[in-house]
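Take a look at the structure below.
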Amino acid sequence: MSIARILLHEAPGETRAAAFDAVGRPVRLFLERWDGRGEPATLGDVVQARLRQNDPKDGGAFFERTNGERIFVRDELPKGLSEGAETSLEIRAEARHGKLARASLSTKAEPAVDSVFERWFDTLPDDVSEPKKATTPEEFDQIDAAFDEALSIHCGLPKGGLVRLERTSALVAADIDTAGRLQKGSAGARALSTNREAVTTIARQLALRDWGGLIVIDCIGPLTAEARTTLRTEFLKTFQSLSSRKPDALKPSRFGLLEAQIAWGACPIGDRLLDEGGQPTPDTELLDLFRQAEREATANRSAFYRLTLSPHALKAYITRRNECDAILQEAFSGRVTIASGTGERSVVRRA
């Protein structure tokens, strides 16, 4: 599996990109909001932070940035670094739901000069072509569908059946369902065919969603010794073709469980888009509305529009009122404005 093309969409308030394989399946996603202003530290950032608590019992130390973000460091601290002292940290894993960002001590005094998108692009395989800017409704739909897939519990297999992926606080569990799949051959041959499709699909989904940690895949039996080796190899090969994160995996056990472990890196896409209850965050709802307005305003370049915000989206707008007004002015030259009242849901209306 390899990356064949990348679509990039620089929308009002956010930049999104989706990388696709040769048959059009999404394999990696990129998201940056508000040009990074007021957002948590991103992978590869060099930030300044003050030591707040050195706790060897927890295996590391807690630091705090000026914006209040807390960061955990496992490195052994220099003897001269006391509580309250400031130092440089390099982000190794971004913050996610229930977990602080992880960092290491850095000797770099300045932040990285590359943009966040350039750093993301560098994590892709070397032979990837430059991204194409999305310009048509069909291309925008492809990006939307890629992000929707990264939030879905189920993912279909090419020849029928599906996998179900669930992320818990302890691990990612993947179950293989053969419903609707028609195959011929022996039980072992059928199981191997389904399992191979499943483990490569799961590897693609892990790269797409930026999931890491412990992975447990419940494979279908019967499994021969040769089949166990094949499945481990297919899983590792697929993931390594799509991501620079380091994976490791064991052959399926006699119970049919393939266990893998993948280093965390970027914050999972789902954690960026949804709150811990699984609902869109205020920022997600507001920026979705901005993209809807962009489509409407592009389709009719002489019309004026007003955005009615739900109470949920209004929270995000109030937090960044001046910034949002400036974004809308720059993107639409005054043709799109925020309505004075609120509604049950966020909508775009002709003024």
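The values are calculated or read from the model by the stated rules, or taken from the named source; none is laboratory data. Just so we're clear, the structure is a prediction, and the values are computed from it rather than from any experiment. Ideal geometry is used to build each Cβ from the backbone, glycine not excepted, and the neighbour counts take in all protein chains shown. To get the accessible areas, we keep the full protein, side chains included, count just its heavy atoms, and leave off ligands, DNA and RNA. Shrake-Rupley method; radii C 1.70, N 1.55, O 1.52, S 1.80 Å.
Placing unit charges on each Cβ (+1 for Lys and Arg, -1 for Asp and Glu) gives the chain a dipole about its Cα centre, and among Leu192, Ser169, Ala331 the Cα reaching farthest toward its positive end belongs to Leu192. Dividing the convex hull volume of the alpha carbon atoms of the range 199-312 by its residue count gives 144 Å³ per residue. Amide H to amide H distances under 5 Å link Asp21 with Ala4, Val27, where only residues 5 or more positions off or on other chains count and H is placed in the peptide plane.
Using a probe of 1.4 angstrom and keeping all protein chains present, the accessible surface of the chain works out to 51 square angstrom per residue. Within the chain, what is the number of lysine pairs with alpha carbons under 18 Å apart, leaving out pairs fewer than eight places apart on the same chain? Here the count comes out as 5.
What is the pair-distance distribution P(r) of the range 1-95, computed from all Cα-Cα distances in 10 Å bins starting at 0, with each bin given as a whole percent? Result returned by the calculation: 14, 33, 23, 18, 10, 1.
Volume per residue of the convex hull around the Cα atoms, evaluated for the range 173-246, comes out as 95 Å³. Sorted into 5 angstrom bins from 0, the C-alpha pair distances of the range 98-234 split as 2, 8, 13, 15, 16, 14, 12, 10, 5, 3, 1, 0, 0 percent. As a rough guide to protection, the peptides 90-103, 203-216, 223-236, 330-343 ranked by mean Cβ packing within 10 Å, highest first, stand as 203-216, 90-103, 223-236, 330-343. Comparing Cα centroids, the range 40-105 and the range 330-351 end up 40 angstrom apart.
Built from the Cα atoms of the range 217-260, the convex hull projects on average onto 2.8 nm², one quarter of its surface area. Among beta bridges identified by DSSP and lying wholly in the chain, the antiparallel ones come to about 80 percent. Placing +1 on each Lys and Arg Cβ and -1 on each Asp and Glu Cβ, with no other charges, gives the chain a dipole about its Cα centre of roughly 780 debye. Every helix of 4 or more DSSP H residues in the chain counts as -39500 (n - 2.57), and over all residues that averages to -9500 deg cm²/dmol at 222 nm. Dividing the alpha-carbon radius of gyration of the range 97-160 by the rule-of-thumb value 2.2 N^0.38 Å gives 1.65. Report, to the nearest whole %, how much of the accessible area of the range 1-44 belongs to carbon and sulfur atoms, 1.4 Å probe, protein only. Carbon and sulfur: 49 percent of the exposed surface of the range 1-44. Zone of Glu139 (label point 7 Å along Cα→Cβ, backbone N under 11 Å): which residues in the range 1-33? Residues passing the 11 Å test: 6-10. If R0 equals 22 Å, the separation of the Cβ atoms of Arg345 and His97 corresponds to a calculated FRET efficiency of about 0.30.
With the alpha-carbon atoms of the chain aligned to their principal axes, the span from lowest to highest coordinate is 66, 61, 39 Å, starting with the largest.
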